[in-house]
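The values are calculated or read from the model by the stated rules, or taken from the named source; none is laboratory data. Being a predicted model, the structure only gives us computed values, none of them experimental. All Cβ positions, even for glycine, are placed from backbone atoms using ideal geometry, and neighbour counts span all protein chains on display.
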Amino acid sequence: MARGIVHLGKARRHPVEPREPAQPRAADVLSLQLQAAKEILAEVFGITLDEVDEMIRLRRKEQVLWPERFWLGADESHGGDA
């Protein structure tokens with residue numbers, strides 16, 4: 001069986017410059033960081049990733065339910081002058 005040389009076209013006169021590696025987008029980096037944090041939580045607490053998601057969801061719900069400030073005392077005006 002005879003082997004021939006495959007012609008690939010004209011040779012380039014200039015060398016090909018290497019490209020800089022593409023920088024990941026900020027959203028991609030944050031997504032990877034969140035995934036890593038979830039995996040760490042799952043390992044620390046000995047739970048599944050689904051349970052970590054549920055834990056985060058419940059924690060966010062708690063933060064919404066709590067007021068920004070607590071007022072002490074019987075003063076209904078919340079003005080601070082008792």
Inter-residue pairs, beta-carbon under 8 Å, first surrounded by 10 or more Cβ atoms within 10 Å (Cβ to Cβ) and in the range 53-78, second modelled with pLDDT of 85 or more and of a type outside the set (D, E, K, R), 6+ apart: 55/41; 55/45; 55/47
Members of the range 21-35 that are more than 8 Å from the chain's Cα centre (by Cα) and either hydrophobic (A, V, I, L, M, F, W, C) or outside any loop (DSSP other than H, G, I, E, B) (or both): 22, 26
